[in-house]
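The values are calculated or read from the model by the stated rules, or taken from the named source; none is laboratory data. Not measured: the values here are computed from a predicted model. All Cβ positions, even for glycine, are placed from backbone atoms using ideal geometry, and neighbour counts span all protein chains on display.
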Amino acid sequence: MKVHVPAGSSQCAVVVGCQWGDEGKGKIVDVLAERMDVVARYQGGANAGHTVHVGDREFILHQIPSGILHPEKRCLLGNGVVLDMIQFFQEYDALLERGVDVADRVGVSLRAHLLLPYHRILDRAVEDRAEEKIGTTGRGIGPAYEDKAGRRGLRVADLRNEDRFRELMDRGIQRARARLQALGMEGDHGLEEALETVLALRGRLLELATDTGIEVEEALAQGKQVLLEGAQGTALDLDHGTYPFVTSSNTTAAAAATGVGVGPTRIQSVLGVVKAYTTRVGNGPLPTEFDPEMDDRMRTLGGEFGATTGRPRRCGWFDAVLARHAARVNGLTGLAVTKLDVLDSLPQISVATGYRTPEGEVEEFPADTAGLEAAEPILETLPGWEASTGEARSLDDLPTNARKYLDRVEELTGAPIEMVSVGTRRSQIIRVA
Ligand code: GDP
């Protein structure tokens, strides 16, 4: 029998979102990071926004792993990440200004692709003109990954040779200009100045450049603990999400190995983060979506506004069909349920156990996104607990109905609950395993 190692005590753990992102991964990573030596991001870019509360202070991190808020942890950005240098150093300097000791603690993969100013401009231009909008964050992520897959991207390692870098970026600028022109946007879009802004940061970035695969491998060999942190969530995965309403990278756990540069056999545990209900930013299906009145209520109760864009999030009941899909495609070994406290005031709480589709009832997450748009959730309704959970520090402290709700979530998802978050503060956590 396989021995279950909880994420907190495993040598190499992945933390992955199991819905449409915004599950509260930042807080879970922050709590787990206390026990870790290295925290590495494996995909995504500045489109992710993790909000972490430390005492009275709120930090919103877009690219730097939230492990940075614990002294002495090494924080890496893996090769699977697309790095926006300008935004990265804004974040880095803001942390320095707020007294976070970042020096010698951040490493960026030499193989990471650079997200350049023209990627942002293209992202917005394409989305503005799209017939079917994806609802991107406009941060340039899609175009940067397109260049990566198209083998015309620029990587951190390319910064080593300034002349060559200028030449490559100049080609990128010409291509971007041609595309913008084809979209009816004439002009130079300030791209030459942008090249100089990027080059001005070259020296600083090279000082942080490293081989993240080697670093992680060495840390593991020394018996250190490593946490691999994903951005967005399973339903936004390029392959396993609600395509085309997805992000441009693989968000799921297998990408953690590729995205930092270690083999999949190094990963010991995969902790899936689910919110006790569901939210989604941007367009695309959300089968358990509330009616407008309830949507408003949950958005207010849960503070469901995007950390990156401030956009209101769409809200719905917990979707066990999606959670089961996530458990399978990520190979979850454990579950962290967040924002349980947000449900405290509700008299009744529902969960979707299946969907009614034009083809009949299904229990598996459909591959066909148009079909998913037409799906109606099959809801099971449980009694609420109508009591505060924010002070609970063990499952025994929870009201009976809250425990029953968690038991049902665990049963339907098929992964054991290891943690339950009951508030924004670090201390508001129930550790089950
Ligand atoms: P992430 O991208 O998955 O880290 O999610 P976000 O940071 O966008 O959203 C999580 C938000 O929920 C942040 O504002 C957190 O402070 C907050 N949060 C996390 N866990 C809990 C919780 O258990 N209860 C409540 N009320 N808020 C939480």
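For this structure, a couple of remarks:
- Assessment of the stretch 257-268 against the conditions (aliphatic (A, V, I, L, M), farther than 25 Å from residue 34 by Cβ and not assigned by TED's automatic domain parsing to the domain that holds residue 407) yields no matching residue.
- Residue among 76, 116 that alone is under 20 Å from the mean Cα position of the chain (by Cα) and buried (at least 24 other Cβ atoms within 10 Å of the Cβ): 76
- Residue that is within 16 Å of the ligand (Cβ to nearest atom) and under 20 Å from residue 417 (Cβ atoms), where the choices are 29, 39, 52, 5: 29
- Selection of the stretch 57-78 for residues being within 14 Å of the ligand (Cβ to nearest atom), in contact with a strand residue (DSSP E or B) (Cβ under 7 Å, 6 or more places away or on another chain) and assigned to a loop (DSSP other than H, G, I, E, B) yields 63, 64, 65.
- Meets criteria (crowded, with 20+ Cβ neighbours inside 10 Å, away from the ligand (no atom under 16 Å from the Cβ) and over 19 Å from residue 135 (Cβ atoms)) for residue 229: no
- Some residue of the stretch 232-241 being among the charged types (D, E, K, R) and under 30 Å from residue 19 (Cα atoms): yes
- Every test in (1) of a type in the set (Gly, Ala, Ser); (2) touching a strand residue (DSSP E or B) at 6+ places or on another chain (Cβ under 6 Å); (3) not in a loop (DSSP other than H, G, I, E, B) is passed by residue 307 save one, and that test is (3).
- Some residue of the stretch 290-300 being on the phi < 0 side of the Ramachandran plot, aliphatic (A, V, I, L, M), crowded, with 20+ Cβ neighbours inside 10 Å and in contact with a helix residue (DSSP H, G or I) (Cβ under 6 Å, 6 or more places away or on another chain): no
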